[in-house]
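Novice: Here it is, the structure in full.
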Amino acid sequence: MSDDHSHEAIKKHVRTYIVIFVALLVGTLVTVGLNSLDFARFWVTVTIALFVATIKAALVAGFFMHLISEKKAVYAVLVTTVCFFAAMMYLTVWGRFQVPRGSEFIPAKEIPLKTASGGAF
Amino acid sequence: MDIPYTAKARPDTGLFNAKVGIWLFLASEVMLFGALFSAYILLRVGADPATWPQGLLNIPIGTFNTLVLITSSVTVVLSWASLKMGNFGRYRFYQSITILCALGFLGIKSFEYRDKWSHYEVWKTDGTRMTGHIEGKPYFWRTETLARKKLDSITFLPDASHYTMPRAEQHKAQHHAEQQGAGAHKPIEIKTSEIKRLSAFVPGHSTYFAIYFTLTALHGLHVLGGALVIAYIWGPGAKMWKTDPERYTNRVEVSGLFWHFVDLVWIFLFPVLYLL
């Protein structure tokens, strides 16, 4: 949050908020529009969609949540959070093939589809 | 004895108490939603495509909900700016739009949920599968419901396409059905003896719907909680504006931070669930 809380400073912030709001609306329509295009590879679609979402999130976090001019203590909390989040993602991905002792990992595509009573689909 | 730094910032950190508190809380929320997003990614990557019903969510409705939440995000920050400039009336105006947007978002979400709960998938004994509606649009029917109601058959209105078809083929089939109009969805009679499994699009239908409802319902609860807090500060809690305006403005700012986080989560939820 800016230390300058004069009326003029707040009015300037308000103009910025309106610009960011329009940018977010455009970003949403761009995301939906890009989705209707058929990219050759699915990972291209995923990358583009998440890239646009990250830009929008950065605008909300930076300007609406005032992170662009926040205090060091808040940045310290957020950097710690990012580190823990990365560690959690890594542990989840690292453990994705782990199964209980005595059982065997079988990829989903090799499992024949069965109903709850054991019959095949 | 008054608690210090409820309005004025601490000289060492430059923050007042509630701001430290809300950022710590948001850090825990990042871990919560992050864990669920990680679960979604790994479940999706590891799933057989025949069991992952992507493409069943209504994109125009989801887009509209996104625009509603983005609007509420800007009105929340404009309401805080109004208080900073001492304009209580304008704060009340912008914040009431925020609350209306929140209620609108929840209303649209509940409409989406209801639509899912009366939309079914049938697995037949001959191996075929179809999605559609049961005549009368009942809710929450399952395979066991047919035996319990002693039904010999159901009248089913099948959809034009199935989610296991390639996307391009799905769009073609849906476009063809739209051109045909009402004649496209002819009801068919399916005997109970031919039905291996019947399920509405509920959490029990598939892993996809389990994680979809978990993610969106948890997000919806956050929207509701945030709206209630903002409404309290707007209504009964507004007495503090007269006694301690700086502390009141801080409360509005802190509740706004939570609201922006809720919007942030939806900014990622919408493309991940609806578009990809």
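No lab work stands behind these numbers, since they all come straight from the coordinates. Just so we're clear, the structure is a prediction, and the values are computed from it rather than from any experiment. Note that we place each Cβ from the backbone using ideal geometry, even for glycine, and neighbour counts take in every protein chain shown.
Novice: With the Cα gyration tensor of the protein assembly as shown in hand, convert its eigenvalues to equivalent ellipsoid semi-axes via √(5λ) and list them largest first in whole Å.
Specialist: Details: eigenvalues 413, 115, 80 Å².
Computed over the protein assembly as shown, the values are 45, 24, 20 Å.
Novice: Moving to a separate point now. Could you work out the mean count of beta carbons from other protein chains within 10 Å of each residue's beta carbon in B:156-162?
Specialist: Numbers: counts 0, 0, 0, 0, 0, 0, 0.
Other-chain Cβ atoms within 10 Å of each residue's Cβ, averaged: 0.
Novice: Here's another thing I want to ask about it. For region A:16-115, what is the Kirkwood estimate of the hydrodynamic radius, computed as the reciprocal of the mean inverse distance between distinct Cα atoms, to one decimal in Å? If you can, show how the numbers build up before the last one.
Specialist: Numbers: mean 1/r = 0.0564 Å⁻¹.
By the Kirkwood definition, the hydrodynamic radius is 17.7 Å.
Novice: Then there is this: Looking only at other chains, what is the average number of their beta-carbon atoms within 10 angstrom of each beta-carbon in A:90-98?
Specialist: Values: counts 1, 1, 6, 4, 0, 1, 4, 1, 0.
Mean partner-chain Cβ count within 10 Å for A:90-98: 2.
Novice: So what is the relative contact order of region B:78-143, in percent, for Cα pairs below 8 Å that sit 6 or more residues apart?
Specialist: Working: 41 pairs, mean separation 12.8, N = 66.
The value is 19 percent.
Novice: If N is the number of residues in region B:28-137, what value comes out of its Cα radius of gyration divided by 2.2 N^0.38 Å?
Specialist: Details: Rg = 20.5 Å, N = 110, 2.2 N^0.38 = 13.1 Å.
Its radius of gyration relative to the 2.2 N^0.38 Å reference: 1.56.
Novice: Can you give the extra length, in nm with one decimal, that the chain gains between B:LYS124 and B:VAL229 once fully stretched, where that is 0.36 nm per residue apart less the Cα-Cα distance?
Specialist: Values: separation 105, 0.36 × 105 = 37.80 nm, distance 4.87 nm.
This chain segment gains 32.9 nm when fully extended.
Novice: For region B:120-200, compute the orientation-averaged projected area of the C-alpha convex hull (one quarter of its surface), in nm².
Specialist: Details: hull surface 21.7 nm².
Averaged projected area of region B:120-200's Cα convex hull equals 5.4 nm².
Novice: Another question, if that's okay. Using the scaling law 2.2 N^0.38 Å as the reference, what is the normalised Cα Rg of region B:1-50? Before the final figure, lay out the partial values.
Specialist: Values: Rg = 19.4 Å, N = 50, 2.2 N^0.38 = 9.7 Å.
Working it through for region B:1-50, the quotient is 2.00.
Novice: Could you calculate the FRET efficiency of A:HIS7 with A:PHE42 from 1/(1 + (r/R0)^6), where r is the beta carbon distance between them and R0 is 56 Å, rounded to 0.05?
Specialist: Values: r = 51 Å, r/R0 = 0.91.
Efficiency for this residue pair is about 0.65.
Novice: For a distance above 27 Å, tell me the whole-number percent of Cα pairs in chain B that qualify.
Specialist: On the way: 19729 of 37950 pairs.
Cα-Cα pairs of chain B separated by over 27 Å account for 52 percent.
Novice: Going by average Cβ neighbours within 10 Å, how do the peptides B:47-54, B:76-83 rank, with the highest at the top? Can you show the working numbers first?
Specialist: Details: B:47-54: 15.6, B:76-83: 25.1.
Highest to lowest by the protection proxy: B:76-83, B:47-54.
Novice: Also, quick follow-up: Gain in length, A:ALA73 to A:VAL19, computed as 0.36 nm per residue apart minus the alpha-carbon separation, to one decimal in nm? Working shown, then result.
Specialist: Details: separation 54, 0.36 × 54 = 19.44 nm, distance 2.81 nm.
Fully extending the segment from A:ALA73 to A:VAL19 adds 16.6 nm.
Novice: With the Cα gyration tensor of region B:1-93 giving a ≥ b ≥ c as the square roots of its eigenvalues, does the rule (a/c under 1.5 for rounded; else a/b larger than b/c for prolate; else oblate) give rounded, prolate or oblate? Let's see the in-between values first.
Specialist: Working: a/c = 5.29, a/b = 1.72, b/c = 3.08.
Cα axes put region B:1-93 in the oblate bin.
Novice: Okay, next question. What is the gain in length, in nm to one decimal, between B:ALA147 and B:THR243 on full extension, counting 0.36 nm per residue of separation less the C-alpha to C-alpha distance? Each step should come with its number before you reach the end.
Specialist: On the way: separation 96, 0.36 × 96 = 34.56 nm, distance 6.52 nm.
Between B:ALA147 and B:THR243, full extension yields 28.0 nm more.
Novice: Using only alpha carbon pairs under 8 Å that are at least six residues apart, calculate the relative contact order of chain B and give it in whole percent. Intermediate results must be reported in sequence, preceding the final value.
Specialist: Values: 312 pairs, mean separation 68.7, N = 276.
Worked out over chain B, it gives 25 percent.
Novice: Average partner chain C-beta neighbours within 10 Å, per residue of A:60-68?
Specialist: Mean partner-chain Cβ count within 10 Å for A:60-68: 6.
Novice: Same structure again: Sequence gap at least 6, Cα distance under 8 Å: using those rules, report the relative contact order of region B:120-200 to the nearest whole percent.
Specialist: Details: 121 pairs, mean separation 37.4, N = 81.
Across region B:120-200, relative contact order equals 46 percent.
Novice: While we're on this one: FRET efficiency for B:LYS186 and B:ARG114, Cβ-Cβ distance as r, R0 = 30 Å, nearest 0.05? Kindly include the intermediate steps, with their values, before the conclusion.
Specialist: Numbers: r = 24 Å, r/R0 = 0.81.
Efficiency computed from Cβ-Cβ geometry: 0.75.
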